[in-house]
Amino acid sequence: MSLQEKLEALKTETAAKIAAASDLNVLNQIRVETLGKKGPITEVLRGMKDLSAEERPKVGAFANEIRDELTAAIATKKAELEAAALDLALAKEAIDVTLPGKQIPQGNRHVLTQILEEIEDIFVGMGYQVIEGNEVESDHYNFQRMNLPKDHPARDMQDTFYISNEVLIRTHTSPVQARVMEKHDFSQGPLRMISPGKVFRRDTDDATHSHQFHQIEGLVIDKNVTMADLKGTLEVMMKKMFGADRKIRLRPSYFPFTEPSVEVDVSCFKCGGAGCNVCKHTGWIEILGAGMVHPDVLTMSGIDPEVYSGFAFGLGPDRVAMLRYGVNDIRNFYQNDVRFLSQFKGE
Ligand code: PHE
């Protein structure tokens, strides 16, 4: 085979390989093998010294021509492969804007939080401050300052989780009364506050009892505060919470820190007083405990009962929520079952 024929065959063979190259690596390999220093074309050019002076320039020119052609073919193929790789990458990364979006589940505030906030709003509208108390309290504030000395039999009403002899988790929100009273500066105006929060009692949990529940404490101290103020305030609250035609009634009761003490009932919001399962066929629903702040409680907080008087109340929002939504097991509020909680979307 003459050199020209060899070169011609090499060209045909390489051109076919280039055409068939499926990726850039293969193409690069072809380039190195054919056009590199150890490749067949370089070899042909080296072998030219054996040719006649006449033939040399012809073969040389032909070899150069073939090298240029193959170089060009490789460049074209390279551009083609790069364009195809780019197309593929773009296709892979393409975003289909017509696909439906991800549905992110939306939570809601806990039903008790909703009730607490609703009651807070009612009282803030009447000029009350909202004050947070401590869940861990001292025996001193939880009991003694509320007129329940260490040996007082009424401590039995609130079976207690003690942390030590003097420290406990509060059994009611009433200790906030003492903490607020002892700090209040009456030259700045009367004391009006509510204090919502968790309370704890040793109780066997069942449908209507939980060792953890909520209270909202209310306290007003000023000159000339009377039982009529208490009654009027609670009536406004009940009407706002349960409907404008609600009535309330007060029944005598006992709390060591109020005198007189009352139990407050609201006329049934479901049957309007005729009797139904919600009010256990009495027409009335027991909703809170209240009374006039005991003079000794005032004195212990540095307030002169000859000058100032006041009322206090303690409301159970868990009970409000149970009544309003027909929830018949208080434990539902504390088990955090989303199927239960998500029913109360709020506004
Ligand atoms: N602290 C009382 C209780 O937990 C409720 C209450 C508060 C009663 C304020 C009267 C005044 O039972």
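No lab work stands behind these numbers, since they all come straight from the coordinates. Keep in mind the model is a prediction, meaning the values are calculated, not measured.
A few comments on the model shown:
- Sequence-ordered 3J(HN,Hα) estimates for the range 217-226 from the Karplus curve with 6.51, -1.76 and 1.60 and θ = phi - 60° stand at 8, x, 8, 10, 10, 6, 6, 6, 7, 10 Hz, glycine and proline given as x.
- Distance violations [Cα-Cα > 32 Å] among 17/58; 198/240; 183/345; 223/247: 183/345
- Estimated translational D of the range 222-276 in µm²/s (Stokes, Kirkwood radius over Cα pairs; 37 °C; 0.692 mPa s): 264 µm²/s
- With N as its number of residues, the chain has a Cα radius of gyration that, divided by 2.2 N^0.38 Å, comes to 2.20.
- The overall shape of the range 101-193 is oblate: from the C-alpha gyration tensor, with semi-axes ordered a ≥ b ≥ c, the ratio a/c is 1.5 or greater and a/b is no larger than b/c.
- Amide H contacts for residue 258 (H built 1.01 Å from N in the peptide plane; partners 5 or more residues away or on another chain; cut-off under 5 Å): 294.
- Our note on the geometry: Cα centres of the range 30-105 and the range 308-341, 79 Å apart.
- Scattering profile of the range 182-306 at q = 0.09, 0.17, 0.21, 0.22 Å⁻¹ [log10 I(q)/I(0), Debye over alpha-carbon scatterers]: -0.33, -1.06, -1.34, -1.38
- Largest to smallest principal axis extent of the C-alpha atoms in the range 273-347, angstrom: 53, 34, 24
- Isotropic mean projected area of the C-alpha convex hull, the range 172-252 (nm²): 7.6 nm²
- Rg to Rh, two decimals, where the range 38-153 supplies the alpha carbon set and Rh follows Kirkwood: 1.81
- Per the Debye calculation on the range 205-245 with a single equal scatterer at every Cα and no solvent contribution, log₁₀ I(q)/I(0) for q = 0.14, 0.18 Å⁻¹ amounts to -0.54, -0.73.
- Degrees between helix 227-242 axis and first principal axis of the chain (Cα, 0 to 90, nearest 10): 40 degrees
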